[in-house]
């Protein structure tokens, strides 16, 4: 398989008050296209920072991030925003749906950034909702749906523009076990049948079992043996 | 990528549709702007109504002779000899061989305001026999004109509406003399409607001002004749110290003096209230941005630009302010537009006029509302635009 993502000697730190907090010091890793990776680790280990870097919502201080052989760390803010809208789908712990919009309208949001016609947008929205099994809830608003259904809408929103990469930040952290397993099965299906590359941050070891591989991150470093596997 | 306009449209739609979720704060902001606009309109309509009334009182083809340096008729003096000379000037209109001129005396009398029951100064004008003829817009609507040489008065309809004790048919006591109200006249939109009129000679006598005149009004044959008349008067040394100008120009000058105060109050108060409303708008919009922080971060992560977040916030602020502005205009229309009121005119006498909300005043008020919205949305909009598209922010 070819690499979808390559991180080379990535450095990232934050300044809090007078203190410099180093998150990553020369982090190197690669993720193949079609992989489903679960990233686990204690709070403060750098999981969310890594997702921000991979998703182009933050920049490294040093080092390179390649996506499909393209250096995204060199993109301007506007280019990065545009790149994100085409290549990355995000799935959040608390779904992050717009409460006043219907499920279909929420799913349509990323398509408003494309040049697709309204008709084509509607077709794509219907397909995305069908994939997550919510075609009959298209006109419902988030408050009229369960947590699991809302997360399915969020997944539909993440895949509607057909990105190569899905970034999931604790996608089942707000759900009961049964519902969480349903959501994870959906992600597994997206990975297996649609070839989506998925990187999922989770604290939940049960959730991590749905991934093809699990990487443990601690103090900004991965377990080298897991990375090499 | 879709155009920035599409993104702005989508974010703006989201913002506007979610306003009800921030109902109380949004309503408070709208009300603050509405009250600001209503108060601003109150004073602007007051000033405009006053100006319209005073300015509209003068005729272009009537010349007025007044003592140089006199701001108002009350400060002026014109002698009987000068009166006689002024009547012989060029292009003076004649009626039955008699020049249409009127030597006049304005005195102040007390009246009682119907609205408050308090005393107020009112203008009592002694006019010559041709005084009515050279005021072509004046109509006797009840009773008749006073008879020369008698203690009869006619009352302006505006004065009658605002002050009590001058009803048609009544006998009233002024300065020890008794006067019979024999008529009511209308002079729509003119200062004369706030006056009492009586015969000049009787007025001079009963107010103990024998042979005193303050102004002379001269009906000329055309507006263009005023300049020639002025040139003639300036060339006659016996008329030294008198200023000749058209009645229209005289009242335009009066209007400027009368309305300056109201305009100043309108803008000082308006700006102070606008600052208060601006603080409210800023508070509302900062709260809005804070309440939508997670939404904004989510949209930014999905790929919406900072400009979309900025303009979405700006449009929300503008929409709330514009709504407040429209509400303020509606309040102004319902509460006071067209209503009659009175105030102290330039001659220290009460002047009756109507609040006048002209289209330009309304446009000014709406512009003020929009400026409040612009400034109210600017900083919160920048905050929204600068919000980093990061996952921890999206997670709230």
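Points worth noting:
- Inspection of the range A:125-132 finds no residue satisfying the criterion of being farther than 28 Å from residue A:82 by Cα and in contact with a helix residue (DSSP H, G or I) (Cβ under 6 Å, 6 or more places away or on another chain).
- Number of residues in the range A:99-135 that are buried (at least 16 other Cβ atoms within 10 Å of the Cβ), away from chain B (no Cβ under 14 Å) and not in a helix (DSSP H, G or I): the value is 2.
- Residue count for the range A:60-95, restricted to those that are touching a strand residue (DSSP E or B) at 6+ places or on another chain (Cβ under 9 Å) and under 24 Å from residue B:4 (Cα atoms): 9
- Filtered residues of the range A:58-84 (kept if modelled with pLDDT of 90 or more and under 23 Å from residue B:14 (Cα atoms)): A:84
- Failed condition for residue A:36, given (1) surrounded by fewer than 20 Cβ atoms within 10 Å (Cβ to Cβ); (2) more than 13 Å from every other protein chain (Cβ to nearest Cβ): (1)
- Residues (assigned to a loop (DSSP other than H, G, I, E, B) and either within 10 Å of chain B (Cβ to nearest Cβ) or closer than 20 Å to residue A:199 by Cβ (or both)) located in the range A:71-82: A:75
- Positions within the range A:83-98 being within 16 Å of the chain's Cα centre (by Cα) and within 7 Å of chain B (Cβ to nearest Cβ), in sequence order: A:84, A:85, A:90, A:92, A:93, A:94, A:96
- Count - residues of the range B:112-128 that are under 23 Å from residue B:74 (Cβ atoms), touching a residue at least 40 places away in the same chain (Cβ under 8 Å) and in a loop (DSSP other than H, G, I, E, B): 1
- Scanning the range B:312-324 for residues that are more than 14 Å from chain A (Cβ to nearest Cβ) and surrounded by 24 or more Cβ atoms within 10 Å (Cβ to Cβ) gives B:313, B:314, B:317, B:320, B:321, B:324.
So that you can scan it fast, the table gives a plain yes or no per residue for (1) within 14 Å of another protein chain (Cβ to nearest Cβ); (2) farther than 27 Å from residue B:340 by Cα; (3) in contact (Cβ under 8 Å) with a residue 12 or more places away in the chain:
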site	(1), (2), (3)
B:12	yes, yes, yes
B:33	no, no, yes
B:51	no, no, yes
B:56	no, no, yes
B:67	no, yes, yes
B:71	no, no, yes
B:77	no, yes, yes
B:83	no, yes, yes
B:97	no, yes, no
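- Flag if residue B:211 is over 30 Å from residue B:22 (Cα atoms), modelled with pLDDT under 85, over 34 Å from the mean Cα position of the chain (by Cα) and exposed (fewer than 14 other Cβ atoms within 10 Å of the Cβ): yes
- Which listed residue is over 20 Å from residue B:391 (Cα atoms) and out of contact with any helix residue (DSSP H, G or I) (no Cβ under 7 Å at 6 or more places or on another chain), from A:189, A:179: A:189
- Looking only at residues of the range B:14-26 that are part of a helix (DSSP H, G or I) and surrounded by 16 or more Cβ atoms within 10 Å (Cβ to Cβ), we find that the one that is nearest to the other protein chains (Cβ to nearest Cβ) is B:14.
- Some residue of the range B:265-283 being within 14 Å of another protein chain (Cβ to nearest Cβ) and surrounded by fewer than 20 Cβ atoms within 10 Å (Cβ to Cβ): no
- Residue match in the range A:69-76 (condition: free of Cβ contacts under 8 Å to residues at least 60 places away in the same chain and at positive phi): yes
- Looking only at residues of the range B:290-306 that are surrounded by fewer than 24 Cβ atoms within 10 Å (Cβ to Cβ) and more than 7 Å from chain A (Cβ to nearest Cβ), we find that the one that is farthest from residue A:95 (Cα to Cα) is B:306.
- Test: residue in the range B:276-293 that is assigned by TED's automatic domain parsing to the domain that holds residue B:315, free of Cβ contacts under 8 Å to residues at least 40 places away in the same chain and either closer than 30 Å to residue B:314 by Cβ or in contact with a helix residue (DSSP H, G or I) (Cβ under 6 Å, 6 or more places away or on another chain) (or both): yes
- Yes/no for residue B:218 being in a strand (DSSP E or B), under 31 Å from the mean Cα position of the chain (by Cα) and over 30 Å from residue B:356 (Cα atoms): yes
The values are calculated or read from the model by the stated rules, or taken from the named source; none is laboratory data. Treat the numbers as computed from the prediction; the structure is a model and nothing was measured. No Cβ is skipped: glycine too gets one built from the backbone with ideal geometry, and neighbour counts run over all protein chains shown.
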